[in-house]
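Encoded as structure tokens, the structure appears first; notes follow it.
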There are 2 protein chains.
Amino acid sequence: MGYKIYPVDLLEKFCLEAFTKIGFSQEESQTITDVLLLSDKYGIESHGMQRLVRYHKGIEKGLIKIDAKPEVVFETPISAVIDAHAAMGQLVGKQAMELAIEKAKKSGVGMVSVRNSNHYGIAGYYAKMACDQGLIGFSATNSEAIMVPTYGRLAMIGSNPIAMAAPAKPYPFFFDASTTVVTRGKLEIYNKMGKPLPEGWALNKDGKDSTDAPDVLKNIVAKNGGGIMPLGGSSEISGSHKGYGYGMICEFFCSILSQGLTSNYVNQGGQSGTCHSFVAINPNCFGNPDDIEKHFSKFLQELRDSPKAEGQPRIYTHGEKEVAAVADRLAHGVPVNENTVKEMIEFAKFVGIDYKEYFGDFVAENSNMFSGNY
Amino acid sequence: MGYKIYPVDLLEKFCLEAFTKIGFSQEESQTITDVLLLSDKYGIESHGMQRLVRYHKGIEKGLIKIDAKPEVVFETPISAVIDAHAAMGQLVGKQAMELAIEKAKKSGVGMVSVRNSNHYGIAGYYAKMACDQGLIGFSATNSEAIMVPTYGRLAMIGSNPIAMAAPAKPYPFFFDASTTVVTRGKLEIYNKMGKPLPEGWALNKDGKDSTDAPDVLKNIVAKNGGGIMPLGGSSEISGSHKGYGYGMICEFFCSILSQGLTSNYVNQGGQSGTCHSFVAINPNCFGNPDDIEKHFSKFLQELRDSPKAEGQPRIYTHGEKEVAAVADRLAHGVPVNENTVKEMIEFAKFVGIDYKEYFGDFVAENSNMFSGNY
């Protein structure tokens with residue numbers, strides 16, 4: 001595998017030009033770019049530039065409607081359901097969380113479920129939006145089925161991440177994780193690197209453990225069976241039914257409450273139909289927000305200060321690695337897999353921008369060409 | 001190990017007599033008994049009769065105040081904080097969920113956090129209360145620290161279960177799981193059986209994997225280090241940080257929002273200080289509740305009908321096993337570990353009731369006497 005390092009600014013300029021060129025407004029392009037870049041800045045490679053190919057293909061195939069106007073189809077003072085009408089996920093995502101935040105500020109809580117959307121990037125971006133305004137933020141999304149339920153052999157549930165962010169010092173609590181052991185993006189990265197998967201991640205088409213990334217990904221695309229295990233693995237002894245349960249909680253808030261497509265129907269028949277959930281809670285529902293933040297910060301510090309396992313230098317609290325990653329990426333640039341750069345060049349050609357301005361005469365140092373459409 | 005089978009009615013009568021004898025009213029005793037028996041009826045052995053010894057010891061040591069009057073110390077139309085004043089967990093738990101349900105019926109959502117309480121039984125009991133009234137129910141509780149954070153060696157977080165229940169046909173969705181791989185109750189059962197723990201469950205005092213139940217439990221009690229792994233094990237490769245994250249979400253809703261004791265302070269210095277969370281959401285915040293229930297029931301059926309892994313006869317949805325367990329326990333009685341029966345007899349002696357009326361001249365068939373105070 002080979003990686004190239006690019007400055008954050010350059011990637012931002014590239015995304016902005018690509019998304020405006022394809023038909024999004026300046027403001028819309030900025031939103032989409034912000035979500036993607038936050039992922040790369042946070043060190044979540046699987047959901048940053050690595051995801052561009054999906055948006056490229058989604059727009060090309062008509063799954064993503066550039067000029068869609070998301071519509072509030074049900075509303076109460078503390079909740080809403082939005083039909084995205086196949087809009088770009090990041091755009092309806094931001095709009096939905098803004099609505100949840102507005103309701104939380106006025107009524108204490110805001111819960112917004114969205115149906116008929118597309119891939120929206122990292123769930124944590126939206127949770128962070130609420131946190132940046134002093135609220136407790138949650139977001140979750142379903143996705144094309146990839147999680148095999150405990151004792152099954154067909155993927156029926158998405159990677160179904162749940163994210164939460166809450167104010168704390170010296171940095172906010174920020175948790176963003178799929179309810180599978182890993183995301184499909186991680187499998188794609190192993191596939192691009194040509195490396196076998198760690199054990200305990202994936203299942204083959206018969207529902208048996210597999211470390212063969214290309215085979216697992218191929219079977220997922222072809223709906224042959226197999227996929228990724230729920231957090232907790234494939235057996236109840238290790239808690240498989242728990243990861244499966246968290247995946248269901250995500251599914252409930254996204255596709256059930258919005259009456260949209262459940263993961264097993266997402267990305268089929270020429271539509272995406274992805275569903276999301278956004279919740280903002282005002283801490284003033286429970287007391288003085290400053291006192292609550294202080295109490296939380298104390299506990300987070302106690303966790304970081306607690307005794308380490310033999311051979312482990314530190315204990316992290318959620319959000320700490322992201323803070324370090326942002327500082328690193330801003331100072332030293334973002335490492336981008338060469339195969340991802342190739343996809344970005346394809347995207348540039350598709351929308352008609354001069355990729356050489358960004359990537360020069362790009363030549364991959366590694367010939368392990370990625371050729372799947374995952 | 002040996003198990004004795006007792007009819008549900010007999011166990012109910014025993015608990016009712018024991019709890020009224022110790023000073024609770026008839027109604028209070030019924031509530032406590034209902035929570036404990038639901039656990040045994042659901043097949044969750046770790047939180048039914050097996051837990052009686054804890055209440056016995058808690059009352060004996062003064063951690064549980066029989067005549068405590070829980071107090072609402074903060075309230076909004078959609079939320080409240082209750083100080084339990086060291087009340088029995090089941091009693092303040094039921095009161096708090098009733099308040100959340102009342103708010104959800106009136107305002108769409110009710111969120112109640114409780115501090116300064118005691119062990120409250122299974123979280124699912126309270127989630128089910130909301131579900132029984134057509135609402136979406138959540139409950140969570142912190143506990144004495146037992147989860148070792150990723151890369152740590154000291155337990156800092158409780159088993160921190162999160163439960164959710166939501167209406168569906170032919171039976172409701174019911175999810176109730178600790179955010180650790182397993183609960184302390186499971187370790188206690190292995191300890192009572194004299195069996196080694198499965199790998200991937202527990203850590204010794206240095207933060208290394210251990211299958212030695214007595215050693216792990218002893219170290220937990222003595223705060224020597226070690227404990228149970230988060231769901232996802234002890235490494236980030238298998239998702240340890242995710243289980244740790246869910247444990248933190250539980251902690252946030254319980255001890256942070258109520259400004260009570262975090263798990264690392266629970267059950268120390270002559271007080272319990274356990275904190276809980278109760279959330280009820282009215283599905284009419286999102287549309288027609290019948291339509292939502294129908295949509296959910298369809299997906300649950302699709303999951304059960306989906307292809308099985310090689311060698312697996314069926315896929316369960318959450319709550320299905322519990323329905324089967326209730327039917328079985330009502331028809332055939334509840335299997336109770338002999339060591340648990342001994343504890344029940346101790347409890348009977350402590351409160352001064354005639355245990356022979358319930359258990360006759362009980363003689364354990366197995367001499368592996370349980371002697372810890374876990």
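The values are calculated or read from the model by the stated rules, or taken from the named source; none is laboratory data. All values reported here derive from a predicted model rather than from experimental measurement. Using ideal geometry, Cβ is built from the backbone for each residue, glycine included, and neighbour counts are taken over all protein chains shown. Ligands, DNA and RNA are excluded from the accessible area calculation, which covers all protein heavy atoms including side chains. Shrake-Rupley method; radii C 1.70, N 1.55, O 1.52, S 1.80 Å.
Scanning the stretch A:265-291 for residues that are of a type outside the set (S, T, N, Q), facing chain B (nearest Cβ under 9 Å) and touching a residue at least 12 places away in the same chain (Cβ under 8 Å) yields A:281, A:283, A:285. The number of residues in the stretch A:190-239 that are polar (S, T, N, Q) and under 17 Å from residue B:311 (Cα atoms) comes to 4.
Note on the stretch A:177-212: residues that are small (Gly, Ala, Ser) and more than 9 Å from chain B (Cβ to nearest Cβ) amount to 4.
Within the bounds of the stretch B:138-154, is there any residue that is over 19 Å from residue B:228 (Cβ atoms), touching a Pro at 6+ places or on another chain (Cβ under 9 Å) and not in a helix (DSSP H, G or I)? Yes, the conditions are met somewhere in the stretch B:138-154. Cβ separations smaller than 6 Å between residues 6+ apart or across chains give the following pairs from the stretch B:214-239 residues that are facing chain A (nearest Cβ under 9 Å) to residues that are assigned to a strand (DSSP E or B) and open to solvent by 10 Å² or more (accessible area, probe 1.4 Å): B:225/B:154.
Is it the case that residue B:295 is within 19 Å of residue A:239 (Cβ to Cβ), within 10 Å of another protein chain (Cβ to nearest Cβ) and either out of contact with any Ser or Thr (no Cβ under 6 Å at 6 or more places or on another chain) or modelled with pLDDT of 95 or more (or both)?
Against the criterion (within 19 Å of residue A:239 (Cβ to Cβ), within 10 Å of another protein chain (Cβ to nearest Cβ) and either out of contact with any Ser or Thr (no Cβ under 6 Å at 6 or more places or on another chain) or modelled with pLDDT of 95 or more (or both)), residue B:295 does not qualify.
Here is a list: B:165, B:177. Which entry is within 28 Å of residue B:222 (Cβ to Cβ) and open to solvent by less than 10 Å² (accessible area, probe 1.4 Å)? The match here is B:177. Checking each residue in the stretch A:240-260 for being more than 10 Å from chain B (Cβ to nearest Cβ) and touching a Cys at 6+ places or on another chain (Cβ under 8 Å) picks out only A:254. Scanning the stretch B:234-245 for any residue that is over 21 Å from residue A:127 (Cα atoms) and in contact with a helix residue (DSSP H, G or I) (Cβ under 7 Å, 6 or more places away or on another chain) turns up at least one such residue. Candidates are the residues of the stretch A:202-233 that are under 21 Å from residue A:122 (Cβ atoms) and either open to solvent by 10 Å² or more (accessible area, probe 1.4 Å) or of a type in the set (Val, Ile, Thr) (or both); the one that is modelled with the highest pLDDT is A:228. Residues in the stretch A:1-18 that are closer than 23 Å to residue A:95 by Cβ and in contact (Cβ under 8 Å) with a residue 60 or more places away in the chain: A:18 only. Of everything listed in (1) crowded, with 18+ Cβ neighbours inside 10 Å; (2) within 15 Å of residue A:170 (Cβ to Cβ), the single unmet condition for residue A:292 is (2). The sole residue among B:311, B:239, B:270, B:287 that is within 30 Å of residue A:314 (Cβ to Cβ) and either modelled with pLDDT of 95 or more or not hydroxyl-bearing (Ser, Thr, Tyr) (or both) is B:239. Determine, yes or no, whether residue A:336 is of a type in the set (A, V, I, L, M, F, W, C), farther than 30 Å from residue B:100 by Cα and buried (at least 19 other Cβ atoms within 10 Å of the Cβ). It is true that residue A:336 is of a type in the set (A, V, I, L, M, F, W, C), farther than 30 Å from residue B:100 by Cα and buried (at least 19 other Cβ atoms within 10 Å of the Cβ).
When the residues of the stretch B:112-132 are narrowed to those that are open to solvent by 10 Å² or more (accessible area, probe 1.4 Å) and not in a loop (DSSP other than H, G, I, E, B), which ends up farthest from residue B:55 (Cα to Cα)? Lay out the reasoning, then the answer.
Of the stretch B:112-132, the ones open to solvent by 10 Å² or more (accessible area, probe 1.4 Å) are B:115-116, B:119, B:125, B:128-129, B:131-132.
When the remaining residues are screened for being not in a loop (DSSP other than H, G, I, E, B), the result is B:115-116, B:125, B:128-129, B:131.
Working: B:115: 18, B:116: 16, B:125: 17, B:128: 23, B:129: 22, B:131: 27 Å.
Per the stated criteria, the residue is B:131.
Taking every residue in the stretch A:247-264 that is among the β-branched types (Val, Ile, Thr) and pairing it with any residue that is open to solvent by 10 Å² or more (accessible area, probe 1.4 Å) and part of a helix (DSSP H, G or I), at least 6 positions away or on another chain, the pairs with Cβ-Cβ distances below 7 Å are A:256/B:295.
Take the residues in the stretch B:71-100 that are more than 12 Å from every other protein chain (Cβ to nearest Cβ), in contact with a helix residue (DSSP H, G or I) (Cβ under 6 Å, 6 or more places away or on another chain) and under 19 Å from residue B:130 (Cβ atoms), then tell me which one is surrounded by the most Cβ atoms within 10 Å (Cβ to Cβ). By that ranking, first place goes to B:93. Of all residues in the stretch A:308-319, none are touching a Lys or Arg at 6+ places or on another chain (Cβ under 6 Å), away from every other protein chain (no Cβ under 14 Å), touching a residue at least 12 places away in the same chain (Cβ under 8 Å) and of a type in the set (A, V, I, L, M, F, W, C).
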